[in-house]
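Bear in mind these aren't lab numbers, they're just calculated from the coordinates by the rules spelled out. The model shown is predicted, which means the values in this text are computed figures rather than measured ones. As a convention, Cβ positions derive from the backbone with ideal geometry for all residues, glycine included, and neighbour counts pool all protein chains shown.
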Amino acid sequence: MQHTISFRPFFSLGFLVLGLLIGTQTLAQSSLSLRSDNILQQHIEEIVRGFHGDVGVYVRHLKTGQCASVNADSLFPTASMIKVPILCGIMERIRKGELTFDSVVTYRDSMKYDDGFTGSLKDSSKVPVGELVHLMLTLSDNTASVWLERLAGGGMTINRWLDANGFHATRVNSRTPEREQFRNVYGWGQTTPREMAELVVLIHQGKAVSPAASNRMDRALGRSYWDGESLSQIPSSIHVLSKQGAVNQSKSEVVLVNASSGDYVFCVITKNQTDTRWVHENEGYVLLRRISHLLLNYFEPSLHWSPLQGMEKFSP
């Protein structure tokens with residue numbers, strides 16, 4: 001079932017239409033010369049067929065413009081992929097001179113979100129902002145991420161940055177005034193496969209916040225500890241940027257691959273999964289591995305790459 005979200009009534013129709021047009025132009029500028037790849041489209045549709053839940057997929061080869069998609073503009077939960085917009089929010093504050101990567105902040109027990117690395121710190125521990133960023137992206141540490149969301153100015157500030165850069169569907173919902181109704185549906189954040197993929201492209205092309213900030217974000221997104229799904233289907237010799245997300249009924253991943261034939265980006269998100277098991281064989285994880293494997297062999301056939309494991313079919 002697709003969820004429909006209504007805009008708040010104080011937005012005029014004219015303002016909404018203008019905003020959508022600006023956003024469309026901004027994303028179009030970052031994805032010029034797109035051409036639908038019918039063969040790739042058929043392969044992806046075959047993979048998602050039979051999935052027990054809703055699926056969104058967006059793929060773009062940056063050099064050739066080849067693209068394919070399934071529900072690429074539908075809203076999905078971000079889960080931990082919301083940490084990419086939080087990263088942009090922190091880097092924007094650093095650009096303004098309000099923080100530095102070396103700024104030292106103080107942890108308090110009241111900040112604890114879960115039992116991850118940051119949540120295990122002792123009260124009054126001192127941590128540089130740069131280390132929190134590393135923990136947020138590499139380990140997907142939730143306490144570090146909530147802390148950084150606050151340091152970035154909160155969800156409203158991050159959402160304004162997203163809006164100003166043409167991302168009108170991607171939003172931080174949790175701990176953000178007036179977004180409780182969205183949080184009830186999508187959780188911490190919401191996005192579309194197209195927007196999340198194009199946000200990573202914007203970073204990789206040096207156009208997010210500033211060239212220097214984008215370069216640092218690009219490096220940070222290339223160090224994920226969580227490499228068991230999409231990344232497991234890409235040789236370790238190939239550099240990738242990625243962020244993963246997972247909650248009970250949703251599995252997601254955004255990946256930009258620095259391939260020899262040219263960079264390509266993809267984002268896969270699920271929702272309303274009937275398979276809520278936290279196991280390797282979860283249908284969402286299987287989907288991520290299968291699409292990643294397809295794309296590497298489609299764009300880089302000369303590698304003759306064989307997957308490590310996990311190319312199971314969906315359960316009947």
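Structural remarks
- Among Trp161, Trp226, Trp278, residue whose mean-square fluctuation peaks in a GNM of the chain (springs only between Cα atoms under 10 Å): Trp278
- Region 36-58 residues near the modelled Thr274 label - backbone nitrogen below 15 Å, point 7 Å along Cα→Cβ: 49-55
- Between Lys122 and Arg219, the simple label model (points 7 Å from Cα in the Cβ direction) yields a spacing of 3.1 nm.
- Toward the positive end of the charge dipole of the chain, with +1 on the Cβ of Lys and Arg and -1 on the Cβ of Asp and Glu, the farthest Cα among Ser230, Pro85, Phe101 is that of Phe101.
- D (Stokes-Einstein, µm²/s), Kirkwood Cα radius, the chain, 1.306 mPa s at 10 °C: 80 µm²/s
- Full extension of the chain between His304 and Ser33 gives 94.7 nm of extra length, using 0.36 nm per residue less the Cα-Cα distance.
- Kirkwood Rh, Cα atoms: Rg over Rh of region 83-167: 0.97
- Annotation: extensible slack from Asp115 through Ser174 equals 19.3 nm (criterion: 0.36 nm per residue apart, minus Cα-Cα distance).
- Each Lys and Arg contributes +1 and each Asp and Glu -1, all at the Cβ; summed about the Cα centre of region 104-176, the dipole is approximately 220 debye.
- Value of [θ]222 nm, deg cm²/dmol, for the chain, DSSP H segments ≥ 4, -39500 (n - 2.57) each, nearest 500: -11000 deg cm²/dmol
- Of the complete DSSP H runs in the chain, those spanning 20 angstrom or more by Cα along the long axis with a mean Kyte-Doolittle score not below 0.5 are 13-29.
- Placing +1 on each Lys and Arg Cβ and -1 on each Asp and Glu Cβ, with no other charges, gives the chain a dipole about its Cα centre of roughly 600 debye.
- Local electrostatic count, Met81, Cβ distance below 11 Å [Lys/Arg +1, Asp/Glu -1]: +1
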